[in-house]
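A short reminder: the numbers here are calculations on the coordinates, not readings from a lab. In this text the structure is predicted, and so the values were computed from the model without any measurement. Note that each Cβ is placed from the backbone with ideal geometry, even for glycine, and that neighbours are counted across all protein chains shown.
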């Protein structure tokens, strides 16, 4: 005989067993056995199904997050490469250019102040240098015919005019400057518009002392090869 312990009273043989809207009689033991077997199977299967449902939700969600993070990392990486590849390249005419204004080296500012020089005005640009007044500075290449008010995108030297004399102003090595100061003959001074390694000393020399001036490419800019045959007496 079968006894049903979940009921408040013992089930008598032959009485119907009521489960919701269904009635199963205890006279049908096979049906009762199948019913409880199904309940037991469902009791085991449902927790497993719940776990698999969680897995089925969590795994795709995790894959989506992973793909997003990987894609974001790749996007940042390529963005960084693109930004590096598309940065403005320094063309030769811009590299080594001395900025105007406050970025002018202090020694150049002191030299201008010493001789009380003012910058060339735009109106004076193109005027022959002989016709310009004393006390000005501008910029030019080797042939000092006329001056520019700004250095611009060129490697021109600073040209100063004071006391009736026109000067090349630039940077050279101490050894070459010593040749000038000791009044040597037939020597070269390699002058640069801005300081660099091996040519870091500011130097000015009258244009009339230079027998020949040549502009030559040098690395990221130009150098000015000043050839001096002899140094005449000059009182300033």
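So the label point goes 7 Å from the Cα of residue 163 along Cα→C-beta, right? Which residues of the range 201-236 then have their backbone N under 12 Å from it? Flagged as within label range: 205-206, 234-236.
Gain on full extension, evaluated as 0.36 nm per residue between residue 201 and residue 230 minus their Cα-Cα distance, stands at 8.3 nm.
Note on residue 183 and residue 150: their simple-model spin labels are 4.3 nm apart, each label 7 Å out from Cα toward Cβ.
Using a/c under 1.5 as the rounded threshold, could you call the range 119-236 rounded, prolate or oblate? The axes a ≥ b ≥ c are square roots of the C-alpha gyration tensor eigenvalues, and prolate needs a/b larger than b/c, oblate otherwise. If you can, show how the numbers build up before the last one.
Numbers: a/c = 1.98, a/b = 1.25, b/c = 1.59.
Oblate shape, in that a/c is at least 1.5 and b/c is the bigger or equal ratio.
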